[in-house]
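Let me begin by presenting the structure, written as structure tokens, before commenting on it.
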Amino acid sequence: MAVDKVALITAGGSGMGAAAARRLAADGFRVAVLSSSGKGEALARELGGFGVTGSNQSNDDLRRLVDQAMAQWGRIDVLVNSAGHGPRAPILEITDEQWHQGLDVYFLNVVRATRLVAPIMLQQKAGAIINISTAWAFEPSAMFPTSAVARAGLAAYTKIFADHYAADNVRMNNVLPGWIDSLPATEQRRDTVPMKRYGTSAEIAATIAFLASDGAAYITGQNIRVDGGLTRAV
């Protein structure tokens, strides 16, 4: 693949976001990584790109990432939206503030970055936006209430985005990971998975890399489950 393609990864300092950055760099992308910890800067330097220390809850930090990528490379071909962790509590105990925080972490992280990047992709007449969501977006678990609710909204947003921009060759899809090795492993959770194992961050990254590739050029508005059979679509 030509080395002039560019990928931005938000919340990419560790876990699945970092794995996606490594895989896309291996596939020939120039990579820029946003993370709040500073790990993204070190990772991006290692991969021959650049990092920005900041939050995907900040429009200003996201703008710095986008502006620097455009100044350095002049294009953005792929945006990978990862996320941190939102509030967890019994559903009737979640406060208004916590619900808003969950929306910030799991939904508006995508909206903010997409507002900045999609117009660039529309000018290019090409681009792929890939959101790391959750296997529990459609079969929610009480373990992750704010994540499940916000990411059900993300699925709707993704379909509406696809309706508007598929004809411009700008695609958006969601990856729905189940139990992945970036989380603490327990036997109880492992036993709920038909494959009887945790998935790996590398397997999520491989799915992201496929959705970013020309091989996925006819795929948009979809929610791709990568969960070892934990959830099954009707």
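The values are calculated or read from the model by the stated rules, or taken from the named source; none is laboratory data. Just so it is clear, the model here is predicted, and its values are computed rather than measured. A quick note on method: Cβ atoms are made from the backbone with ideal geometry, for glycine too, and the neighbour counts reach across all protein chains shown. We work out accessible area using only protein heavy atoms, side chains counted, and drop any ligands, DNA or RNA first. Shrake-Rupley method; radii C 1.70, N 1.55, O 1.52, S 1.80 Å.
Whole number please: convex hull volume per residue, Cα atoms of the range 30-98, in Å³.
103
Based on the mean of other beta carbon atoms within 10 Å per residue, what is the order of 85-91, 27-33, most packed first?
27-33, 85-91
Ignoring ligands, DNA and RNA, what percent of the 1.4 Å accessible area of the chain is carbon and sulfur?
Heavy-atom surface of the chain belonging to carbon and sulfur, 1.4 Å probe: 53 percent.
If packing is taken as the average number of other Cβ atoms within 10 Å across a peptide's residues, how do 147-158, 112-123 rank, most packed first?
Ranked from most to least packed, the peptides come out as 147-158, 112-123.
Determine the dipole magnitude for the range 40-114: charges of +1 sit on the beta-carbon of Lys and Arg, -1 on that of Asp and Glu, nothing else is charged, the reference point is the Cα centre, and the result goes in debye to the nearest 20.
About 260 debye.
One quarter of the convex hull surface, Cα atoms only: what value does that give for the chain in nm²?
Projected area, direction-averaged: 12.4 nm².
Under 27 Å between C-alpha atoms is the cut-off here; go through the chain and count lysine pairs that meet it, provided they're at least eight residues apart or on different chains.
Count of close lysine pairs: 4.
Pull out the extension gain between Trp73 and Ala89, defined as 0.36 nm times the separation in residues minus the alpha carbon to alpha carbon distance; nm, one decimal.
Separation in residues times 0.36 nm, less the Cα-Cα distance, equals 1.4 nm.
What's the Kirkwood radius of the range 1-128 in Å, using all Cα pairs?
14.8
Taking the Cα centre of the range 91-234 as the origin, how large is its charge dipole in debye, to the nearest 20, when only Lys and Arg (+1) and Asp and Glu (-1) carry charge on their Cβ atoms?
Here the size comes out at about 360 debye.
If each DSSP helix of 4+ residues adds -39,500 (n - 2.57) and the sum is divided by the residues in the chain, what number results at 222 nm, nearest 500 deg cm²/dmol?
Estimated from H runs of four or more residues: -13000 deg cm²/dmol.
What whole-number distance in Å separates the alpha-carbon centres of the range 168-201 and the range 90-108?
When both Cα centres are located, 22 Å separates them.
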